[in-house]
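To start, the structure under review is shown below, and the notes come after it.
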Amino acid sequence: MTEKPRKQIHLAAHFPGVNNTTVWSDPAAGSHIEFSSFVHLAQTAERGKFDFFFLAEGLRLREHKGRIHDLDVVGRPDTFTVLAALAAVTDRLGLTGTINSTFNEPYDVARQFATLDHLSAGRAAWNVVTSWDAFTGENFRRGGFLAQDQRYDRARTFLATAQELAASWRGDEIVADKESGVFLRDAAAGRFAHSDAHFDISGRFDVPRSPQGRPVVFQAGDSDEGREFAASAADAIFTGHGTKEAGQAFYADVKGRLAKYGRRPEELLVLPAATFVLGDTDAEAAELAHTVRLQQVSGATALQWLEQVWNRDLSAYDPDGPLPDVDPVVGEPSVAKGRASARMYKDPVGTANEWRSLAEAKKLSIRELVVEVTSRQTFVGSAATVAATIDDLVQSDASDGFILVPHITPTGLDPFVDQVVPLLQERGVFRTEYEGTTLRDHLGLAPLPSGAPVGAAR
Amino acid sequence: MPEPLHLAVALDGAGWHPAAWREPDARPADLFTAGYWVDLVREAERGLLDLVTLEDALSLQSDDPWTPDERTDRVRGRLDAVQVAARVAPLTRGIGLVPTAVVTHTEPFHLSKALATLDYVSTGRAGVRVKVSSSAAEYAHFGRREAVAFDRSSYDSPEVQRVVRELFDEAADWVEVVRRLWDSWEDDAEIRDVATGRFVDREKLHYVDFTGPHFSVRGPSITPRPPQGQPIVTALAHATVPYDLVARSADLGFVTPRDAADAAAIVGEIRGLQQQAGRAEETVHVFGDLVVVLDDDPAAAAARLRRLDDVAGSEYSSDARVFTGSAVQLADLLEEWTAAGLTGFRLRPATLPHDLLQVTGRLVPELQRRGLFRTEYEATTLREQLGLPRPANRYATV
Ligand SMILES: Cc1cc2nc3c(=O)[nH]c(=O)nc-3n(C[C@H](O)[C@H](O)[C@H](O)COP(=O)(O)O)c2cc1C
């Protein structure tokens, strides 16, 4: 009997985000902005032989009821700048930056990623996101100019244009021969011209081909259009993750879309975000996980969460009391701005009814209800349990690995690296040493031959 | 004891002379590696220099500043300067890092947080040199606005002068937005008040609400106020309109005098404009720019420049004066120009690393001997090094 070879697991470290997953009230919680915190997490990930470090991005501070949301961590660095600095204090770790395709221009973004790839010797990746709202647009020259249904249209052509710019240098143009005085082999190096509904640009790109040819491309967005975009153009897809079955369904769905683009299943990695709580025993971990949930959902946070779903002011309610008897306001979300969670509940009245019955049945307060219905940690258990769970999920094609989101900055990943990574290595499903130098190497993506076009589909 | 002077070095490619990359000590094959820039900035830091600037543009280099060329015998290609500065920052401790940013095609919101982040990763050593874009090639790379074509021959026409004035007004707006965004978080906005569950005090976060002809920006920044409060803003200026940008918006101007009298006139003009802008009480540095070709024997320097010109195929000319001679002679010139009112100098090494090594290994010891230059880094931030106070936040009420 021939056995399917065991898949190698891919792991990444997500810098804790500006949402209530991140626990800032814990005495162990450090700075979210000092560079030392970024250094600690990145070096811990590299110590654990992780594939890459991951940074999310949001271009406007979130608001709740017309005022800046103040209950979660607020503030983050510029993506390119902090990743370039991290390249100085790490050696192999991939550096993935989230960059929006609406509030940027292809020439600039292509230049920035080519620079990051040079400065990190081939470790750059771009998580292409498509937030398009006018609220965020108020911080930019052109404002919120894009209709929602155009976001992937622009993202697709933005990415394609950036790839054209990266490919405008084949990789062999720089001779730099002092004797003959030939610096460039080709007087037209970098020449490009691109014209479509979104971009009409031409000239010469000014950054020579970078070590990976172009950044590794991630896509984050769950809709049908988002999945199609990933299947056509991304090397990896960043997603949420519910149950094993939901993961398997998502995995099969996106991998199944690849064939029509002439791509093989291993050319698109599925990497869901995952949180974790470790304990000496499973029971201890479960108890700890509940404590963390309560830290994540304060009374004030619970009430505001409910206000997002109800889409109305609920400040008169007691978070330790029963759920509101009034119904949600149906229509455009007006309470929360710049928050992904505002659009999560498609049928607020139905959700409210469901939650009221759940709260009644289990005798839950508002805060207890929110703890119950919002995402609990993905992995809870002893190191052995968590290692076995991760291995099982990857081997049963619910994912190709995970992007781990610690809830404590910057030391939250330490126990995972110390306890879980060695067990995954013992199982033979995670590297004990980096084998390559580039992020493409770590992800098992074939190098792009120099001189070749750099689109995902080859 | 005379006022100590400030010293900066401008890094660009293999050096400022077009034939620099062909020198025996040049490393043209390494220009796109981090190690190249780390080595150069560390050398500048060994010389205790105030800061390095990093040249940048959103187009390929060209021998003709007005239009692209198709030359293959010159260094072509560049890395983004803010990222190069960030890559070097964790590996240096005392030197200021001042990348160039083109303001005409970029988002002040993005650059504000990028420079704030550079300030975090360098723990208070960030600055920026703002630059307007007038090359039609750069406009075509963005395809968002029409360039008004002009060159040296039409530069003085009223139409072109109006365009230039507009570009610099936009630059002033850009700096204003960037500065407001740096202040959009008060220093103590992060409170972590467990009792009320609040991470920030939102009374200390501010909308900047800038509205102008080229952009409107709401704010606040997504990045908290950086260590220096305001990283330093610099600009290169050759004429009245850019002098006015220095006077209105900058902490430091780089100027290109021909001689001491010219230096005195330029400084005088900037001081006058500074007064008009209501900034007479503020420190605004004016540094003289010089391209330097340095050797222990002045004759060797002159011969080297001739040799470089021969290799390049033409006599090198620059917007800045080209100084050829020994470090001792240069020290004399710097003293003379300091007496004319300049507060420091930005030296553009003709070749790298040779002329940089002459600055750190010969000029700096000579200036130290004359009591004109520091013998160790004492400041912890670039502002402190330049004698600039940490500015109060424009939005703070207490
Ligand atoms: C797992 C995940 C992570 C995301 N991270 C970001 C982010 O960091 N910044 C951002 O602006 N948008 C982020 N997005 C938003 C997406 O880019 C996209 O705009 C949004 O999901 C709506 O597209 P969809 O309808 O295809 O899901 C993320 C989406 C997902 C699913």
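The values are calculated or read from the model by the stated rules, or taken from the named source; none is laboratory data. Nothing here was measured: the structure is a model prediction, and the numbers come from that model. Glycine gets a Cβ as well: all are built from the backbone with ideal geometry, and neighbour counts include every protein chain shown. Each accessible area value is taken on the protein alone, full model and side chains, heavy atoms only, with ligands, DNA and RNA left out. Shrake-Rupley method; radii C 1.70, N 1.55, O 1.52, S 1.80 Å.
Considering each of A:Trp132, A:Trp126 in turn, give the residue that is within 13 Å of the ligand (Cβ to nearest atom), away from chain B (no Cβ under 11 Å), within 19 Å of A:Arg60 (Cβ to Cβ) and of a type in the set (Phe, Trp, Tyr).
Within the list A:Trp132, A:Trp126, the selection yields A:Trp132.
For every residue, the table says whether it meets (1) assigned to a loop (DSSP other than H, G, I, E, B); (2) modelled with pLDDT under 95; (3) under 15 Å from B:Ala19 (Cα atoms).
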position	(1), (2), (3)
B:Ala300	no, no, no
B:Asp310	no, no, yes
B:Leu334	no, no, no
B:Leu347	no, no, no
B:Leu352	yes, no, yes
B:Arg383	no, no, no
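So which residues in the stretch A:303-329 are among the charged types (D, E, K, R) and either open to solvent by 20 Å² or more (accessible area, probe 1.4 Å) or over 20 Å from A:Arg67 (Cα atoms) (or both), if there are any at all?
Scanning the stretch A:303-329 gives A:Arg312, A:Asp313, A:Asp318, A:Asp320, A:Asp325, A:Asp327.
Give B:Ala10, B:Ala34 a once-over and let me know the one that is facing chain A (nearest Cβ under 8 Å) and within 16 Å of B:Ala81 (Cα to Cα).
B:Ala34
Suppose the filter is at pLDDT 95 or above, more than 16 Å from the ligand (Cβ to nearest atom) and open to solvent by 20 Å² or more (accessible area, probe 1.4 Å); does A:Ala249 pass it?
no
B:Arg165 versus (1) touching a helix residue (DSSP H, G or I) at 6+ places or on another chain (Cβ under 9 Å); (2) within 11 Å of chain A (Cβ to nearest Cβ): which is the lone unmet condition?
(2)
Across the stretch A:254-276, what is the total count of residues that are part of a helix (DSSP H, G or I) and over 28 Å from A:Thr21 (Cα atoms)?
To start, the set of residues in the stretch A:254-276 that are part of a helix (DSSP H, G or I) comprises A:254-256, A:259-261, A:265-267.
Applying the additional criterion that residues be over 28 Å from A:Thr21 (Cα atoms) yields A:255-256, A:259-261, A:265-267.
The qualifying residues number 8.
Checking A:Ser399 against (1) open to solvent by 60 Å² or more (accessible area, probe 1.4 Å); (2) within 16 Å of the ligand (Cβ to nearest atom): exactly one of these is not met. Which one?
(1)
Against the definition (small (Gly, Ala, Ser), closer than 25 Å to B:Arg258 by Cβ, at pLDDT 95 or above and open to solvent by 30 Å² or more (accessible area, probe 1.4 Å)), how does B:Ser326 come out, yes or no?
No; evaluated as a whole, the condition is false for this residue.
Kindly indicate the residue of the stretch B:56-85 that is open to solvent by 20 Å² or more (accessible area, probe 1.4 Å) and hydroxyl-bearing (Ser, Thr, Tyr) and also nearest to the other protein chains (Cβ to nearest Cβ) among those meeting that condition.
B:Thr72
Suppose we filter A:Glu287, A:Glu266, A:Glu332 for residues that are open to solvent by 20 Å² or more (accessible area, probe 1.4 Å), farther than 30 Å from A:Val394 by Cα and among the charged types (D, E, K, R); which single one remains?
Result of the check over A:Glu287, A:Glu266, A:Glu332: A:Glu332.
Does B:Arg145 satisfy the condition of being under 19 Å from B:Asp173 (Cβ atoms), basic (Lys, Arg), outside any helix (DSSP H, G or I) and open to solvent by less than 40 Å² (accessible area, probe 1.4 Å)? Spell out the reasoning first.
Working: under 19 Å from B:Asp173 (Cβ atoms): yes; basic (Lys, Arg): yes; outside any helix (DSSP H, G or I): yes; open to solvent by less than 40 Å² (accessible area, probe 1.4 Å): no.
For B:Arg145, the condition - under 19 Å from B:Asp173 (Cβ atoms), basic (Lys, Arg), outside any helix (DSSP H, G or I) and open to solvent by less than 40 Å² (accessible area, probe 1.4 Å) - is not met.
Would you say A:Phe50 is at pLDDT 95 or above, at the interface with chain B (Cβ under 10 Å from one of its Cβ atoms) and surrounded by 24 or more Cβ atoms within 10 Å (Cβ to Cβ)?
no
Could you say which residue among A:Arg209, A:Arg142, A:Arg204 is within 12 Å of chain B (Cβ to nearest Cβ), of a type in the set (Lys, Arg), away from the ligand (no atom under 16 Å from the Cβ) and open to solvent by 60 Å² or more (accessible area, probe 1.4 Å)? First the steps, then the outcome.
Working: A:Arg209 fails: open to solvent by 60 Å² or more (accessible area, probe 1.4 Å); A:Arg204 fails: open to solvent by 60 Å² or more (accessible area, probe 1.4 Å).
Checking each option against the conditions leaves just A:Arg142.
Looking at this structure, is A:Ser232 within 26 Å of A:Met344 (Cα to Cα), more than 9 Å from the ligand (Cβ to nearest atom) and touching a residue at least 40 places away in the same chain (Cβ under 8 Å)?
Answer is yes for this residue.
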